[in-house]
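Q: First the structure, then my questions, so here it is.
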Amino acid sequence: MTEPSNAEPVQPAMPTLTPARFALAVARCVRFYSRLPMPAIPGEADPHAIPDFRIEPAGLPVAALVIALPAVLVTALAFALRLDPVLVAALAITALVITTGAFHEDGLGDSADGLFGGHDPERRLEIMKDSRIGTFAGCALVLSLLLRVTALAAILRAGGLDAAIGALLLAAVTSRVEGVRVLATLPVARAYGASAAVGKPSLRVAMIAIGLGLALAAIIGVLCGLPLWGVIAGLVLGNLAVSVLAGLARRLIGGQTGDIAGAAQQLAEIGVYVGLAAGFAS
């Protein structure tokens with residue numbers, strides 16, 4: 001009779017990040033992070049397979065640009081119709097929410113309820129799995145929508161359409177990179193959760209995503225005429241907000257979950273909009 005083994009299961013080798021594999025990573029990130037239709041890619045065995053987050057977040061900055069395109073188109077159309085900037089911004093954020101299926105908003109709400117509504121790590125993680133919305137989640141979601149709409153409207157008033165489009169693209173890229181940073185630098189809090197199932201990004205993959213994200217941020221800033229110190233302020237504010245969240249997650253639940261990554265994206269997006277609004281106001 002064979003004795004049971006206590007050894008951890010052997011993980012399959014991480015694939016090499018070739019140009020073809022990078023293109024596949026971009027497509028899978030679009031599919032995973034949004035509701036946009038994405039056909040099967042040549043050479044893709046199963047388009048419905050669980051993504052391999054050990055390597056695929058490397059393509060997330062490029063995928064984020066694709067995910068932001070519906071919001072960019074809605075913003076351009078609403079601006080052409082000469083709608084009030086607040087209404088234009090509200091329509092843009094609505095387009096983002098619809099495109100992602102409120103993917104990140106769900107993470108923010110669950111994280112707010114779990115981190116602030118439980119008394120120990122086990123209870124906090126249990127609350128985060130509960131689909132019901134509590135007081136903390138409700139407040140977090142309302143404040144997130146309010147801050148994003150008003151800050152984007154301020155950018156639109158001060159900088160015009162190009163600035164608003166730049167803000168949407170910049171926030172889309174850098175906020176998702178912050179989510180990758182959380183996944184890569186914090187331990188997995190729940191052994192059998194969604195975050196554990198898709199794999200933990202390596203530091204190398206996280207650095208690729210961060211480097212590509214910063215390069216795209218610089219290009220977007222130049223092409224859209226965004227104020228340099230506003231871009232810097234937005235990136236710093238987003239990074240600080242996510243760092244505080246990461247510290248809370250480590251202390252209160254022992255690490256990261258998919259919900260924490262979603263909350264990180266929301267906080268970073270808010271930080272970018274607020275920083276840019278401040279940059280245009282100066």
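The values are calculated or read from the model by the stated rules, or taken from the named source; none is laboratory data. Here the structure is a predicted model, which is why all the values come from computation and not from measurement. Because the Cβ atoms are built from the backbone with ideal geometry, glycine has one as well, and the counts that use them run over all protein chains shown.
Q: How about the stretch 231-276: which of its residues are touching a residue at least 24 places away in the same chain (Cβ under 8 Å), among the small types (Gly, Ala, Ser) and out of contact with any Gly (no Cβ under 8 Å at 6 or more places or on another chain)?
A: Of the stretch 231-276, the ones touching a residue at least 24 places away in the same chain (Cβ under 8 Å) are 231-242, 245-246, 248-250, 252-276.
This time we only want the ones that are among the small types (Gly, Ala, Ser), so: 233-234, 238, 241, 246, 249, 254-255, 258, 261-264, 268, 271, 275.
Passing the criteria: ALA246, GLY254, GLY255.
Q: State whether the residues of the stretch 257-280 include one that is outside any helix (DSSP H, G or I) and either buried (at least 17 other Cβ atoms within 10 Å of the Cβ) or out of contact with any helix residue (DSSP H, G or I) (no Cβ under 8 Å at 6 or more places or on another chain) (or both).
A: Within the stretch 257-280, the first condition is being outside any helix (DSSP H, G or I), and the residues that meet it are 257.
Right, trim to either buried (at least 17 other Cβ atoms within 10 Å of the Cβ) or out of contact with any helix residue (DSSP H, G or I) (no Cβ under 8 Å at 6 or more places or on another chain) (or both) and you get 257.
Yes - at least one qualifying residue is present in the stretch 257-280.
Q: Also: Any residue at all in the stretch 104-116 that's over 19 Å from the mean Cα position of the chain (by Cα) and surrounded by fewer than 18 Cβ atoms within 10 Å (Cβ to Cβ)?
A: Within the stretch 104-116 (the criterion being over 19 Å from the mean Cα position of the chain (by Cα) and surrounded by fewer than 18 Cβ atoms within 10 Å (Cβ to Cβ)), the answer is yes, since at least one residue qualifies.
Q: Within the stretch 8-16, can one find any residue that is small (Gly, Ala, Ser) and at pLDDT 90 or above?
A: No: zero hits.
Q: Looking at the stretch 11-22, I want the residues that are outside any loop (DSSP other than H, G, I, E, B) and have a partner that is at pLDDT below 70 and surrounded by 10 or more Cβ atoms within 10 Å (Cβ to Cβ) with Cβ atoms under 8 Å, at least 6 apart or on another chain. Which pairs are those?
A: ARG21/PRO15
Q: Of (1) part of a helix (DSSP H, G or I); (2) at positive phi; (3) not hydrophobic (A, V, I, L, M, F, W, C), PRO61 satisfies all except one. Which?
A: In the conditions (1) part of a helix (DSSP H, G or I); (2) at positive phi; (3) not hydrophobic (A, V, I, L, M, F, W, C), PRO61 misses (2) alone.
Q: Can I ask one more? Kindly provide the set of residues from the stretch 117-152 that are closer than 25 Å to VAL177 by Cβ and either crowded, with 21+ Cβ neighbours inside 10 Å or among the basic types (Lys, Arg) (or both), ordered by number. Outline the logic, then answer.
A: Residues of the stretch 117-152 closer than 25 Å to VAL177 by Cβ: 128, 137, 140-141, 143-152.
Result: MET128, ALA137, ALA140, SER144, ARG148, VAL149, ALA151, LEU152.
Q: Can you name the residue in the stretch 29-85 that is of a type in the set (Phe, Trp, Tyr) and crowded, with 20+ Cβ neighbours inside 10 Å and, of all such residues, is modelled with the highest pLDDT? Talk me through it step by step, then tell me what you get.
A: First, pick out the residues of the stretch 29-85 that are of a type in the set (Phe, Trp, Tyr): 32-33, 53, 79.
Remaining after also requiring crowded, with 20+ Cβ neighbours inside 10 Å: 33, 53.
Values: TYR33: 93, PHE53: 82.
Going through the qualifying residues, I end up with TYR33.
Q: Restricting to the stretch 65-89, and then to whatever is touching a residue at least 60 places away in the same chain (Cβ under 8 Å) and of a type in the set (Gly, Ala, Ser), can you tell me which residue is nearest to ILE155 (Cα to Cα)?
A: ALA89
Q: Something else: Any residue in the stretch 149-173 that's within 19 Å of THR100 (Cβ to Cβ): show its pairings with residues that are among the hydroxyl-bearing types (Ser, Thr, Tyr) at Cβ separation under 8 Å, as long as the two are six or more apart or on different chains.
A: Here the result reads ALA151/TYR273; LEU152/TYR273; ALA164/THR75; ILE165/THR75; ALA167/TYR273; LEU168/THR75; ALA171/TYR273, each pair linking the stretch 149-173 to a residue that is among the hydroxyl-bearing types (Ser, Thr, Tyr).
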